[in-house]
Amino acid sequence: MESLFIILIGFAVISLYDVISSILSRVLNFEYVWFAFGSFIIYGITAVYLKLNGTFVSAIIGSFLLGVFDTTVGLIIARVFKAKISDQDKELVKITPILILQMGVIASIIGAISIIAFA
């Protein structure tokens, strides 16, 4: 149950980060895609907390879910808040099943590396 709570906190943090990133990218005229590195840090921190309060497998699954959430809800937030995304990048960040799976896997890999390095 504690793992679920940590994942929900991760969803909230990712959502807040996406809102702030979207607004900053528009206001500062900065490409939104560069804020992905902050999301990667959130995936890693969440994975470490999940591992400390559960198992390696639950941490990897939690990281995957965060990546999926960020790819779907995060991109919707970016559209709603009119993040600065170039026309070329708009083609790359369309919400598709392949992109969702790719980001889930990337988040899992980042989570695993973070656990190995910090947990």
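In plain terms, the chain from Met1 to Ile116 could stretch by 39.1 nm, reckoned as 0.36 nm per residue minus the Cα-Cα distance. If I fit a long axis through the Cα atoms of helix 56-69 and take the longest principal axis of the Cα atoms of the chain, what angle between them do I get, 0 to 90°, rounded to 10? Tilt relative to the chain: about 20 degrees. The angle between the Cα long axis of helix 97-118 and the main principal axis of the chain comes to about 50°, on a 0 to 90 degree scale. Helix 2-27 against the longest principal axis of the chain: what's the angle in degrees, Cα atoms only, rounded to the nearest 10? Compared with the principal axis, the helix lies near 20 degrees.
Return the aspartates and glutamates within reach of Lys51: Cα separation strictly under 12 angstrom, same-chain partners fewer than 8 residues apart disregarded; answer none if there are no such residues. Partners within reach: Glu2.
Considering only the Cα atoms of the chain, their convex hull presents on average a projected area of 6.8 nm². If the reach is capped at under 30 angstrom between alpha carbons, list the lysines near Lys94, excluding any in the same chain fewer than eight residues apart. Filter leaves Lys82, Lys84.
Coordinate-derived values only; no laboratory data. Bear in mind the structure is a predicted one, so any value in this text is a computation, not a measurement.
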